[in-house]
Amino acid sequence: MRWVESGDVRLAVFEEGDPAAPTLLLVHGYPDTHRVWDEVAERLRDRFHVVRYDVRGAGRSTAPSGRHRYGLDHLAADLAAVIDAIGKPRVHLVGHDWGSLQGWDAVARPGLRERIASFTGFGGPGLAQSERFFRSGDLRAVAGQAARSFHIGAFQLPLLPELAWQTFMPPLMERTLRRSDGVGPRPGHPAETLPKDARNGLELYRANTFTRRGPAGDPRVDVPVQLIECLRDPFVSTALLESLRPWAPRLWHRRIAAGHWAQRGRPDLIARMIAEFAGHVEGEPESRSLRRARVDPGRKAFAGRLVVVTGAGAGIGRATARAFAAHGAEVVCADIDADAARLAADGIAKDLAGTAYALTVDVADAEGMAAFAERVRAEHGVPDIVVNNAGIVVVGGILDHSPDDWRRTIDVNLWGVIHGCRLFGAQMAERGEGGHIVNIASVAAFVPTRLLPAYSVSKAAVKSLSDCLRAELAGEGIGVSAICPGFVSTTIARNATYVSGLSRDLSEEALRRRAYPPERVAAHVLRAVHRNQAVVPVNAEGKMGYALSRISPSALRGLARLTGFPGNPVNRG
């Protein structure tokens, strides 16, 4: 530790790591001290020169005299004084909460922005940028953020906020920490000086909000900015953070499943993101995660994303793989048929100038799927989107299905989806940056039929599995969608197994006449991922069946009895 003089205050500055390494300057928010960064600093100090300081009025730093000395001009002077003391021409600035607010101000401030190589902020947008958001005219978005920012108005009141911090606010802060970040107090956070820090820090709000006369300063910043959006942060809305994009032409927007104090709840993730971004600005190659997060108005919708599609050798799987590739994604085309997988990947490269990889996997093989998932992670990284599509059909009545028919259908259609969800869902959750899982079900999931009993049971289970998994993974920022198409013109009828004397030729002809191509299903898949839709019935019969299943299930059961068994001598009606 050392002391740095800045005007009428003394700032307590703490350093660790090799001073010759690139410098990370971590700035805390309200009502914290530099100790909120302990876990992150510990993970970064072997690679970077890590510097932290207690802002004026907090921790071991002294407090100024007068409210006006908490204004942004004084905070910027403190930051400049610390950079001067470090003795580096440029530093990588990282800010949380009010540290992020003053960071946004610093990277737009002439004379200071030239000394900042990059800026990473989370938990607090800039005041100049926020003012534009609140004047945008989007009443719904503004009202939503205003509700989250109620404390800013409350902190303007005399005496009551100070009294709150002497009574119920410290326990409330602890509950918020546990609820949104899953961690409790530990030595250093909240600091022993919390009552004093909170009382002094109220002047940050009183000196900088609701006090501006005239328009805010120029909100544009030219420094590379990494914006980390914490999806469980109760104080900052997605709409507000999205509004920052026009002001930072070199912006990387990353989303993580974390609360307001992400550096406490997800220190490994925050440290990795800080290191990746600073390293890239220093000249290291851009990681896949960073490429995915780069904001570029001209980029394709799924640029930088890695998509895994099972059953990609034909039909809906191949169409979905091609659709994602056409919109910028890298695609792993997986199929039990190695030649079909290779042709699908080659077609993406040749026809779409895309990037695709062919892998062979039997989704019904638990060990094979585990090896497949590990291979994908080792060779390409954790996928952003997984489409569990592989499936088979046995056509005929229940009494004509052999145990092997049932076992094989359940193994591929249900266990294959379970393996994909479990293995890749775990990878996504561990990574902490969200993702999406798409499970291809069917209208048969909610429309009973005498012709496809094993198939219907497996697809109903897939839909239910998707609903359960969606609830479980929502807190991790991972979406789950069940796609339920009706009849689609693919080769599924040709590849099906037929019992009960049913005709393969008639089935193939029926699907051909339906003339609903798999490319239209693929479009629904992409839309479901973009909108994070839970259940997506596809085409007319899919939508009608889904609606009828909710309005009158008994009508569907009656329609199921009308299904006949041509050529079967036994009348099962």
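The values are calculated or read from the model by the stated rules, or taken from the named source; none is laboratory data. Predicted model only: the values in this text are computed from it and were never measured. Cβ: placed from backbone, ideal geometry, glycine included. Neighbour counts: every protein chain shown. To get the accessible areas, we keep the full protein, side chains included, count just its heavy atoms, and leave off ligands, DNA and RNA. Shrake-Rupley method; radii C 1.70, N 1.55, O 1.52, S 1.80 Å.
ASN413 passes every criterion in (1) within 18 Å of the chain's Cα centre (by Cα); (2) part of a helix (DSSP H, G or I); (3) under 12 Å from LYS463 (Cα atoms) apart from (1). When the strands (runs of 3 or more DSSP E) confined to the stretch 305-383 are screened for residues that are open to solvent by 50 Å² or more (accessible area, probe 1.4 Å) and at pLDDT 95 or above, those reaching at least 1 such residues are found at 356-360.
Annotation: of all residues in the stretch 1-45 being aromatic (Phe, Trp, Tyr) and open to solvent by 20 Å² or more (accessible area, probe 1.4 Å), the one that is farthest from the chain's Cα centre (by Cα) is TRP3. Of everything in the stretch 416-454 that is within 30 Å of GLY265 (Cβ to Cβ) and basic (Lys, Arg), the residue that is least open to solvent (accessible area, probe 1.4 Å) is ARG431. Scanning the stretch 268-289 for residues that are outside any helix (DSSP H, G or I), within 23 Å of ALA257 (Cβ to Cβ) and of a type in the set (Asp, Glu) gives a single hit, GLU286. Among the candidates GLY391, GLY381, the residue that is in contact with a Leu (Cβ under 9 Å, 6 or more places away or on another chain) and either of a type in the set (Ser, Thr, Tyr) or more than 15 Å from VAL499 (Cα to Cα) (or both) is uniquely GLY381.
Scanning the stretch 398-419 for residues that are in contact (Cβ under 8 Å) with a residue 60 or more places away in the chain and in contact with a helix residue (DSSP H, G or I) (Cβ under 7 Å, 6 or more places away or on another chain) gives HIS401, ASP405. If you take the residues of the stretch 46-82 that are at pLDDT 95 or above and on the phi > 0 side of the Ramachandran plot, which of them is farthest from the chain's Cα centre (by Cα)? If we take residues in the stretch 46-82 being at pLDDT 95 or above and on the phi > 0 side of the Ramachandran plot, then GLY57 is farthest from the chain's Cα centre (by Cα). Within the stretch 158-208, the set of residues being open to solvent by 80 Å² or more (accessible area, probe 1.4 Å) and either part of a helix (DSSP H, G or I) or under 24 Å from ASP233 (Cβ atoms) (or both) comprises LEU160, LEU163, GLN166, PHE168, ARG175, ARG178, ARG179, ARG199.
Would you confirm, using the coordinates I've provided, whether CYS484 is outside any loop (DSSP other than H, G, I, E, B), more than 20 Å from HIS524 (Cβ to Cβ), under 26 Å from the mean Cα position of the chain (by Cα) and at pLDDT 95 or above? Here the answer is no, as CYS484 does not meet what is asked. Of all residues in the stretch 250-292, exactly one satisfies the criterion of being without any contact (Cβ under 8 Å) to a residue 40 or more places away in the chain and in contact with a Phe, Trp or Tyr (Cβ under 8 Å, 6 or more places away or on another chain), namely LEU290. The residues listed here are SER136, SER130; of these, the one that is under 25 Å from GLU242 (Cα atoms), surrounded by 15 or more Cβ atoms within 10 Å (Cβ to Cβ) and modelled with pLDDT under 95 is SER130.
From SER136, SER130, which residue is within 24 Å of the chain's Cα centre (by Cα) and in contact (Cβ under 8 Å) with a residue 24 or more places away in the chain?
SER130
Among the residues of the stretch 458-476, is there at least one that is β-branched (Val, Ile, Thr) and either under 13 Å from GLY391 (Cβ atoms) or part of a helix (DSSP H, G or I) (or both)? Yes.
For the stretch 97-111, the set of residues classified as open to solvent by less than 10 Å² (accessible area, probe 1.4 Å) and either of a type in the set (A, V, I, L, M) or outside any helix (DSSP H, G or I) (or both) consists of ALA106, VAL107, listed by residue number.
Can you tell me which residues in the stretch 387-400 are more than 42 Å from the chain's Cα centre (by Cα) and either part of a helix (DSSP H, G or I) or crowded, with 20+ Cβ neighbours inside 10 Å (or both)? Once the filter is applied, which keeps residues that are more than 42 Å from the chain's Cα centre (by Cα) and either part of a helix (DSSP H, G or I) or crowded, with 20+ Cβ neighbours inside 10 Å (or both), the stretch 387-400 yields GLY396, ILE398, LEU399, ASP400. Pick out, from the stretch 1-96, the strands (runs of 3 or more DSSP E) lying fully within it that include 1 or more residues that are more than 27 Å from MET169 (Cβ to Cβ) and touching a residue at least 60 places away in the same chain (Cβ under 8 Å). Because the criterion is at least 1 residues that are more than 27 Å from MET169 (Cβ to Cβ) and touching a residue at least 60 places away in the same chain (Cβ under 8 Å), the strands (runs of 3 or more DSSP E) in the stretch 1-96 that meet it are 2-6, 9-16, 23-27, 91-96. Applying the set (1) in contact (Cβ under 8 Å) with a residue 12 or more places away in the chain; (2) outside any loop (DSSP other than H, G, I, E, B); (3) charged (D, E, K, R) to ARG450 leaves exactly one unmet item: (2).
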